[in-house]
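Every read-out reported here was derived from the displayed coordinates using simple, explicitly stated rules and does not represent laboratory data. In this text the structure is predicted, and so the values were computed from the model without any measurement. A quick note on method: Cβ atoms are made from the backbone with ideal geometry, for glycine too, and the neighbour counts reach across all protein chains shown.
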Amino acid sequence: MKRETLFIVTLILLTALVSMSCLLFTNPTRTPQPEEEEFFGPTGGPLKFEPDSLPVAQAGVMYEAEIHVTGNNTPVGDFSISEGALPAGLALVFQDGEDAAIISGIPEETGTFVFTVSVWCFGTQVSGQTGEQEYSVVVEK
């Protein structure tokens with residue numbers, strides 16, 4: 001009987017010791033400090049698209065224009081066209097690892113084509129930056 005009693009007392013003391021240690025090293029009621037809140041806030045300001053406008057294209061002639069994004073704190077995840085469309089024969093291709101996309105191809109029709117390029121960036125513990133820029137491509141004969 002004494003051995004069992006000693007074991008139970010030891011177990012109770014160890015449990016109390018572990019519980020007290022946890023209280024010393026954690027603080028469940030701790031409130032975040034202002035600098036911590038900023039760390040987990042948005043990952044930056046507005047994205048900048050370069051160039052501001054695209055060069056004129058000619059129908060039936062190879063065309064290429066590059067769009068760069070700057071002001072991003074994390075790498076660009078992808079480029080896409082969210083509104084409007086490129087002229088037939090042209091495509092927007094994301095250049096992975098370069099924070100850029102290239103519009104290239106041979107335009108098949110003339111006119112002015114207005115479209116919006118959208119970009120998203122990777123986030124770190126929060127959503128990354130996003131941005132949009134309206135562009136137009138004029139295709140002449």
On the first, second and third principal axes, largest extent first, how far apart are the outermost C-alpha atoms of the range 48-140 in Å? 46, 21, 18
May I ask you to compute the full-extension gain from residue 95 to residue 110, defined as 0.36 nm times their residue separation minus their alpha-carbon distance, rounded to one decimal in nm? 2.7 nm
Sort 97-105, 76-84, 47-55 for me by packing, meaning the mean count of neighbouring Cβ atoms within 10 Å per residue, highest on top. 97-105, 76-84, 47-55
